[in-house]
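One structure is given here, and the rest of the page talks about it.
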Amino acid sequence: MRLHRRLTWYFLVAGLWLTAFAGCWFVWSEYHTKQSVELVTLVACGSAMLALTGWLVQATLAVRIGRKQHSINVLFQSRLSKELTEHLSIVNEKFPHHGPLRWEIIDAAENKAVYNAAVHLLNYYEFIAVAIEHGDMDEGIIRDCILMQFLGFVGRATEMIGKFRGEDEHGVPQPELRQTMSGIVRMRKRWLAARWLETGDWPSRA
């Protein structure tokens with residue numbers, strides 16, 4: 001989930017809690033010092049605090065469960081997708097033994113089918129990456145299921161991605177193309193770092 005969405009959620013929750021706490025504190029102080037508030041009002045305020053706590057917990061759990069279920073559904077559908085399997089077969093037939101996708105080959109007119117297949121696969125991973133960043137999918141579940149598959153294919157397609165982004169020799173994209181497949185680029189960096197921290201193994205095709 002992107003930082004600004006997290007901050008918005010955190011500030012909303014904090015605002016609700018502060019408002020509820022301030023209200024209860026006011027009621028308690030009025031009851032304790034001036035006895036101008038009936039005990040039933042204080043009890044009602046405490047009950048409202050408990051109800052707010054329950055609602056926040058329920059809402060948080062519902063969001064997490066929905067995100068995980070959506071992630072599992074997408075992964076399940078991708079496993080059964082003949083289209084993805086066919087596209088990967090087309091790419092592997094042209095570039096066997098998990099070889100890198102050379103731009104001068106894949107951009108040739110006679111290899112249009114290979115080009116389209118590779119683009120389709122990259123767009124699929126970009127969809128996954130953007131969905132994770134927007135909080136619509138659970139990154140832990142997705143990473144555990146397709147980590148090596150993702151790193152392997154995107155590593156093979158590094159040159160192709162660089163061409164789409166207009167990257168220079170230092171890997172800096174052109175300003176007008178910096179959003180092109182940016183989700184893939186960011187997710188690849190995160191997953192490479194996570195894999196290195198967990199195993200100490202940096203994939204050779206990094």
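The values are calculated or read from the model by the stated rules, or taken from the named source; none is laboratory data. Here the structure is a predicted model, which means the values were calculated and not measured. FYI the Cβ positions are ideal-geometry reconstructions off the backbone, even for glycines, and counts take in every protein chain you see.
Points to keep in mind about this one:
- Looking only at the stretch 123-153, and only at residues there that are charged (D, E, K, R) and in a helix (DSSP H, G or I), the one that is nearest to LYS68 (Cα to Cα): GLU139
- Taking residues in the stretch 94-115 that are in the same structural domain as ILE161 (by TED's automatic domain parsing), and partners anywhere that are among the small types (Gly, Ala, Ser), the pairs with Cβ atoms closer than 7 Å and at least 6 places apart or on different chains are HIS98/GLY152; LEU101/ALA118; LEU101/ALA157; ILE106/ALA118.
- From LEU61, LEU84, residue being in a helix (DSSP H, G or I) and either at pLDDT below 85 or under 22 Å from ARG195 (Cβ atoms) (or both): LEU61
- Qualifying residue in the stretch 157-168 (condition: surrounded by fewer than 17 Cβ atoms within 10 Å (Cβ to Cβ) and over 24 Å from ILE90 (Cβ atoms)): yes
- Test: ILE105 is closer than 22 Å to GLY66 by Cβ and either surrounded by fewer than 19 Cβ atoms within 10 Å (Cβ to Cβ) or of a type in the set (Val, Ile, Thr) (or both): no
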